[in-house]
Each structure stands twice: as structure tokens, then as C-alpha cells.
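Engineer: One structure, as C-alpha cells, below. Some questions next.
Laboratory data are not the source of any read-out in this text; all were calculated from the coordinates shown. From a predicted model like this one, the values you see are computed outputs, not experimental measurements. Glycine gets a Cβ as well: all are built from the backbone with ideal geometry, and neighbour counts include every protein chain shown.
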Amino acid sequence: MNLIENTLIGLIPLTTLIFSFTMPILHYVVKGSRRVIELTSLIASLIPLIMSIELVKLAFSTDEIIVYRFGGWPPPVGIVYMLDKLNSLLVFTTTFLMFLITIYSNKYLAEDKSLAWYYTLYFGLETGLLGVLLTGDVFNLFVMIEVTSVASYSLVMFYRHRGDSIASGLKYAFIGSLGTTIYFFALGLIYATFGTFNYFDLTAKTHGYTYPYSGQPIGDVLFTTGIVLVLITWTFTIKAGVFPNHFWLPDAHPAAPTPISAILSGLVVNVGAYAMFRYIYTIYGGNLLNIELNNIVNIVSNILLNIGLISAIIGSILMNFQRDVKRIIAYSTVMHLGYLFMCIGARNNYGIESFILHIINHSIAKATLFLSTGVFIYTTGSRLLEKLGGLASKHILATLATILSALNLAGIPPLPIFYSKLLLFYATFDISIAYGIKIILTSAIALIAYVKIIYTLIFGRIYVTDLKKTPLAMNITLLSLLIVMILITFGINIIIADFIEKTALQISSIENYMLKP
């Protein structure tokens, strides 16, 4: 590993941050030239994608965790970014989708005069997402969640002339701010007890080891762990839109512009799931300091398993009672994030593999479904499902993308999400066969809603005949996502063997996350 490769870990979020601040300045310099803004946005999203490919290569070239030290300070003294196989895959997924959604956004918002300000928030959001994935510090995680959240709130309210966007955005902002405030209290308890925010130091201390810089844990570790895990569970269920804190999501995600809906449901909700995963499988993973501490983590894991199941049940049922196509998809997100929390709660190797495979494929399929239905919304001007009836023949590519992504989200074999659900079934089988049965039932209930969308597009009554033409850029995005889903479907065995299993093995080897400075 050379210095340039190591520096990429810290450079990739900085790149998107620079472009975020550059956009409004560029807008004034070029006097609002739309073509310049569009070209710059493509470059700004392509550079992180290229970097992320190099990070995946770097992560899979070694079994070690690669650490980037800000200012050269070693952990736990300084803030560090870390690269392992898991976050390298998620960084690539994030930058890949952000690049394609940039292409889509340029034409979807063709009539909007605020494109430069849109991309200021857009790349600020990407900065936060990348920071969440790469940070090796629980306080810096808080900072990056805040960056992600502020950009998300603003983008939900991007259509500021619409009352539903403002109302949904304000509700999202209020609930989200409450969540991060709760997490801030948890950080105070963590530092008071463990004397550190560093992932590696925390992981070492929960497993009975210490670093010389930060000393031994102080006070009642068991009590602190119990309170901290309760607080972060509340925070991250808010961020992920999981029961009982899912109520803001079905309003906020549909209210945003469709490209942002795709990012919110495909990527932003991953923040809560990923952060929860890091606490349960990294900081509190493996064989802990003592049996009592392990029992506390097991209790919280069981809670996560059950709230994930409830979230899946609620999401799958409520999908079937919506008329707004974006609300149908939003409730699908509630269901699938429930599955991810079940993966975390299972706390076994199958749970790890299911989490990795599901979070990636859900991101791709959910973004595709939002963007493909977004074509129908763009050309008709309506989000009501019945108003989109009979338009399949007018938008063949969008229809194909809708069908494939919907069936993928339903878990129909041999599509990729079938395999992640199968792994989740295995993960919960040893706990209780009832979980597996309920996973199948929620998938079947959700399938009804997905089929309703497909049926309406193909056989529904035609309400709108005066359709806008679909821009080529939007079709290019959909075609790219279709190809990716097909490639993953045919290469699923290779992906599981070469990427998912290797990643799960690294995560389950907890000593990897107790590196010495």
C-alpha cells in the first residue's frame, strides 16, 4: 500500500465537500449557465466514483483494516478514517448511485432555476454519507450524521412552494434533530466511561484490552453500555425509519424531488442501519469483556430483531393501502430497513452476510424503482397510481426497470434480494422458525403492492394522454441500473463467494478492529 492509496480514504469526502462549496460560487461566475453547472456536477460525481473503485481494490488486497490518520496523529489521540471490506463496498455503491442520479437529476430538474443550490446540498449530502461510512470515530460519526441530516432536510423541502414539502421536511428535521441530540447524550456517557471515541480503542476496551493513551474504563461499564445501547437504538431507528420511529419517512421521502427520494430511500436510511451494525458487530462484537456485558448486548440484539420484524410487517401491510406511488415505495423502505435490523439483531455470521448483501441490493433496487416510477411522474405530472395507468407501452424502458426492481424488492428468485432474504432466513432459523415464516409472509404481502404497480402500468385505464417526452439522460440512468441488476443476478454466486463471504469473515474476526496505534 502506498501513500497515495492511503490518502484516498481521507480525500474522497473532501472532494465532494469542495464541489459542494464550489457550486454557488460557480453559479455566479458563469452567470447561471446551466450547461456549465450540469457538466461540473457530472465531474463532481464521477471523481468520487473513480476513487471508490480504487478503495475497493485496496480493501480487498489485504485482510487488515487500513487507517488514515488526520494530521498524522495515531488512534486514539487523533481522528482517523478506516477502510475495511464492508465500507469499501458501501462507498462504491454510494458513489455509483450518486453518479447515475446526477445524470438523472440534470434533466429531471430541467425547468428548475435553482440547480446550483440543489447540487450544493446534493454534494453536501454525499460528503456526509461518505464520512459516515469511512469514519473510525463515534464522535466524528455524529458530525457526519449531522452533515447528512441537514442536507437531507433541505432537499426534502427543495420544492419550497409546496406546502406538503415544507410540512414533511420540518417534521423530518424535528424528529431527526431529536435523534442526533439523543445520540449526543450517548456520546457523553461513552467518553465518561471509556475515555475515548475511537472505534479501535472502544472495541479493545469492551473486550478487556486497553490503549496506553486513554487508560482503563471508569465506573459501571455494564450500566453505561445498557443506557448507551438504548439511546443509540432510538437514534438509529429514527435515522433508518424503523419502527417505532418510522412515521416521518412515508411523508418525507415522497415530498422530495424524485432523484432525492431515490437517495433518501436508497442511501440515506443506510446511515442508521450501518451505524447500528458498527456498534453491535464491531464495538460490541465477538467475545466481550465478561458474560454480563455480552448478555446486555444480546438483549439489545433481540430487541433489534423484533423491532425489525415489526417494521417489516407494518411496512408490507401499509404499502397496500396507498394511492400515491411514492408512498407505496416509501413504506417498502420501512419494510426493508426492518429486514436490515433483523440482520443486525441475529448477531451471527449469516446475519452479517445477509446485511451486506441486502443493504447493497436494496440500495440499487430501491433507487431504480423510485427513478423508474419518476419517469411516469415526470411525464404525467401525477403521483397517483391510477393516473399512471396504461402507460407501459409509452415508456417501455421505465416499465422494464419498474418490473425488475419491484420483483427484486419482493425477493422473487433468482433476483439478488431473494438470496439476502434467504440468508436472513438462515440467520433467524436457530433463534426461532417463526421469524423465517414471518419474513416469507411479509414478502408475500409486499408482493401484492408491487404487482399492483406493475398491473396498473400495463393494464390500467389510461387517464393521461398528453405526455412529456422522457429525456435521454433519464433513460440512460435506468438502462445502466437495469444492466447492473441483471449482472448481479447472473453473478450472484461469484459476488457472494468473492465479496460477501470475505467481508463477513473480516468483520467476524474482531481482533482486526483492535489495531495498535
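Engineer: For q = 0.21 Å⁻¹, what log10 I(q)/I(0) does the stretch 85-134 give under the Debye formula with an equal point scatterer on each alpha carbon and no solvent?
Structural biologist: -0.75
Engineer: Still on this model: Provide Rg over Rh for the stretch 3-513; use the alpha carbon set for both Rg and the Kirkwood Rh (inverse mean inverse pair distance).
Structural biologist: Numbers: Rg = 21.9 Å, Rh = 22.9 Å.
When Rh is taken as the Kirkwood radius, the ratio is 0.96.
Engineer: Let me ask something else. Please sort through the DSSP H helices of the chain and keep those with an alpha-carbon extent of at least 30 Å along the long axis and a Kyte-Doolittle average not below -0.5. Don't skip to the answer; put the middle values down first.
Structural biologist: Values: long enough: 3-29 (37 Å, 1.42); 34-59 (38 Å, 1.33); 85-108 (34 Å, 0.86); 163-194 (46 Å, 1.06); 291-319 (42 Å, 1.63); 325-346 (32 Å, 1.17); 349-380 (46 Å, 0.79); 433-459 (38 Å, 1.92).
Going by DSSP H runs, the hits are 3-29, 34-59, 85-108, 163-194, 291-319, 325-346, 349-380, 433-459.
Engineer: Suppose we look only past 19 Å in the calculated P(r) of the stretch 1-140. What percent of the Cα-Cα pairs does that tail hold?
Structural biologist: Numbers: 5003 of 9730 pairs.
Across the stretch 1-140, Cα pairs with separations above 19 Å total 51 percent.
Engineer: I'd like the chymotrypsin sites (Phe, Trp or Tyr not before Pro) in the stretch 321-374 restricted to DSSP loop residues with at most 11 other Cβ atoms within 10 Å, sorted by number.
Structural biologist: Numbers: sites: Phe321, Tyr331, Tyr339, Phe341, Tyr350, Phe355, Phe370; in loops: Phe321.
Passing sites in the stretch 321-374 are Phe321.
Engineer: Once you treat every alpha carbon in the stretch 274-337 as an equal point and sum by Debye, what is log10 I(q)/I(0) at q = 0.14, 0.18, 0.21 Å⁻¹?
Structural biologist: Log10 of I(q)/I(0), two decimals: -0.54, -0.70, -0.81.
Engineer: Here is a further query. If contacts are Cα pairs under 8 angstrom and at least 6 residues apart, what is the relative contact order of the stretch 3-513 in percent? Walk me through the numbers on the way to the answer.
Structural biologist: Details: 835 pairs, mean separation 71.2, N = 511.
Dividing the mean separation by the residue count of the stretch 3-513 yields 14 percent.
Engineer: So, one more: Sort 108-114, 77-83 for me by packing, meaning the mean count of neighbouring Cβ atoms within 10 Å per residue, highest on top.
Structural biologist: So the order, starting with the most tightly packed, is 77-83, 108-114.
Engineer: Chymotrypsin sites (Phe, Trp or Tyr not before Pro), restricted to the stretch 424-517: which are DSSP loop and have at most 15 other Cβ atoms within 10 Å?
Structural biologist: On the way: sites: Phe425, Tyr426, Phe429, Tyr435, Tyr450, Tyr455, Phe459, Tyr463, Phe490, Phe499, Tyr513; in loops: Tyr463.
Sites meeting the loop and neighbour criteria: Tyr463.
Engineer: What lysines does Lys468 reach when the alpha-carbon gap must be under 30 Å and sequence neighbours fewer than 8 apart in one chain are set aside?
Structural biologist: Lys31, Lys107, Lys113, Lys326, Lys366, Lys387, Lys394, Lys452
Engineer: Okay, moving on. Restricting attention to the stretch 253-332, which trypsin sites (Lys or Arg not before Pro) occupy a DSSP loop and are surrounded by at most 11 other Cβ atoms within 10 Å?
Structural biologist: Working: sites: Arg278, Arg323, Lys326, Arg327; in loops: Arg323.
Within the stretch 253-332, the qualifying trypsin sites (Lys or Arg not before Pro) (loop, at most 11 other Cβ atoms within 10 Å) are Arg323.
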